[in-house]
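Report on one structure; see the data block that follows.
The values are calculated or read from the model by the stated rules, or taken from the named source; none is laboratory data. These figures come from a predicted structure and were not determined experimentally. In this analysis, Cβ positions are derived from the backbone assuming ideal geometry, glycine residues included, and neighbour counts consider all displayed protein chains. Protein only, heavy atoms only, side chains kept; ligands, DNA and RNA dropped before computing areas. Shrake-Rupley method; radii C 1.70, N 1.55, O 1.52, S 1.80 Å.
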Amino acid sequence: MKIIFLGTGTSIGVPAIGCDCAVCLSGDPLNRRRRASLYLETCGLNVIIDTAPDFREQVLAYNIKRLDAVLFTHAHVDHILGFDDIRRFNQVQKASIPVYGSAATLADLSRIFPYIHRPEKPGLSYPRVTLNAVSEQFVIGGLKVTPVPVRHADIPTYGYRLEAEGVSLAYVPDCQELDGKASTGLQNLDLMILDTLRRRPHPTHLNLSGSIAVLQKLGAKKSYLTHICHEIDHRQTNAELPPGISLAHDGLTLDL
C-alpha cells in the first residue's frame, strides 16, 4: 500500500493570501501546503480522498494518471471544489468513476455541481460519476473502507478507516472531537492521520495539543498530522512532537 499526501493545508492554504508571517514568507518547501487531500494506491486501485480546490495541480505534481474511486469526508468547499476535474479522468479512462460519501455530502455535491446529472452533449464534458451513499463498512475491490462519523462544525463529516494487504490506516482531516464510538473504530491502526489546525484552540478543529492527546490515546503505530495552517512552522513544530507523531507535508509518500 502506498499513500501520498497531496495536500496538508487548511482551507486557505499556505502561504495565505496577503500574509507576511514567517511561515508564509518561508523559503522552506515543507511550509507550502495545498488544501488537504490523500492519494491511496493498493490492490490495483488508485483512490483519492477529497477533491480539493488544488486537485488538478496535485494530480499533475505527483503524476497520478488513473482514478478508480473518490471518497469524500464532507462538503466544505476546501474538500470538494476540485470535483469538476474528475472529468479528465473520465475522458482518459472512458468510464464513470464511483464516488462515496454520506448521503448529506452527496446531496451537497449534486446541489453545487448539478450538471453532473445531465446527459453529455457533443463538444461538452461533465464529470461522469456514480454516487454511492455509505454509512457502514463497504469494499472497493480488495480495499475495505469503514466510514467513521466525527464532529466537525455543523456539517455531517466522516473520517475513513482503510484496510488492505494486511495494513490498516485511518484518515480524519477535519475534526473537533472524537466521541467514544469513533475512538473505538480507530483502534489497532498501523497509521493514523489526524487534523491539527494550529496551536491555539479553534471552534471546529483540533489544535496541536488536542491532536497529540487524541493520538496518544488511540495508540497507532505511527501518526501524522494534517490540515495545518500558517501558524505552524514545519521543522520547528516537528522537533517538538512526541515520538511516533509527525507533521505531514505535501508530497510525503509512505509505503506501508
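List the aspartates and glutamates whose alpha-carbon lies under 12 Å from that of Lys221, not counting same-chain residues fewer than 8 positions away?
Partners found: Asp190.
Suppose all protein chains stay in the model; what accessible area per residue would a 1.4 Å probe give for the chain, in Å²? Don't skip to the answer; put the middle values down first.
On the way: 11110 Å² over 256 residues.
Here the residues of the chain average 43 Å² of exposed surface.
Under a cut-off of 28 Å between alpha-carbon atoms, report the lysines in cross-link reach of Lys121, not counting same-chain residues fewer than 8 places apart.
Lys65, Lys94
If R₀ is 51 angstrom, what is the calculated FRET efficiency for the pair Lys121 and Ile12, using the beta carbon separation as r and rounding to 0.05?
Values: r = 36 Å, r/R0 = 0.71.
In this case the efficiency is close to 0.90.
Sort 42-48, 134-140, 100-106 by packing, meaning the average of other beta carbons within 10 Å per residue, with the highest value first. Numbers along the way, then the final one.
Working: 42-48: 18.7, 134-140: 13.1, 100-106: 20.6.
In descending order of packing, they fall as 100-106, 42-48, 134-140.
Determine the share of the chain's accessible area contributed by carbon and sulfur atoms, expressed in whole percent, with a 1.4 angstrom probe.
On the way: 5710 of 11110 Å².
Carbon plus sulfur share of accessible area: 51 percent.
Specify whether the C-alpha gyration tensor of region 1-62 places it in the rounded, prolate or oblate class, a ≥ b ≥ c being the square roots of the eigenvalues: rounded for a/c under 1.5, otherwise prolate if a/b is larger than b/c and oblate if not. Each step should come with its number before you reach the end.
Details: a/c = 3.18, a/b = 2.32, b/c = 1.37.
Here region 1-62 falls in the prolate category.
Leu38's amide H: which non-local residues (gap 5+, or another chain) put their own amide H closer than 5 Å, with H modeled 1.01 Å from N in plane and none for Pro or chain starts?
Excluding prolines and chain starts, which carry no amide H, the hits are Leu6, Ile49.
Does region 46-125 classify as rounded, prolate or oblate by the C-alpha gyration tensor (a ≥ b ≥ c root eigenvalues; a/c under 1.5 gives rounded; else a/b over b/c gives prolate, otherwise oblate)? Display every interim value, and only then the final one.
Details: a/c = 1.58, a/b = 1.05, b/c = 1.50.
Because a/c hits 1.5 or more and a/b fails to exceed b/c, region 46-125 counts as oblate.
Report the Cα-based extents of the chain along its three principal axes, largest first, to the nearest Å.
The principal-axis extents, from largest down, are 56, 42, 35 Å.
Using a ≥ b ≥ c from the Cα gyration tensor of region 29-174 (square roots of the eigenvalues), is it rounded, prolate or oblate, where a/c under 1.5 gives rounded and otherwise the larger of a/b and b/c decides, a/b for prolate? All intermediate terms of the calculation are to be shown ahead of the outcome.
Details: a/c = 1.29, a/b = 1.22, b/c = 1.06.
Judged from the Cα gyration tensor, region 29-174 comes out rounded (a/c under 1.5).
For the chain, find the longest principal axis of its Cα atoms and tell me its angle to the long axis of helix 208-218, 0 to 90°, nearest 10.
Between helix and principal axis, roughly 80 degrees.
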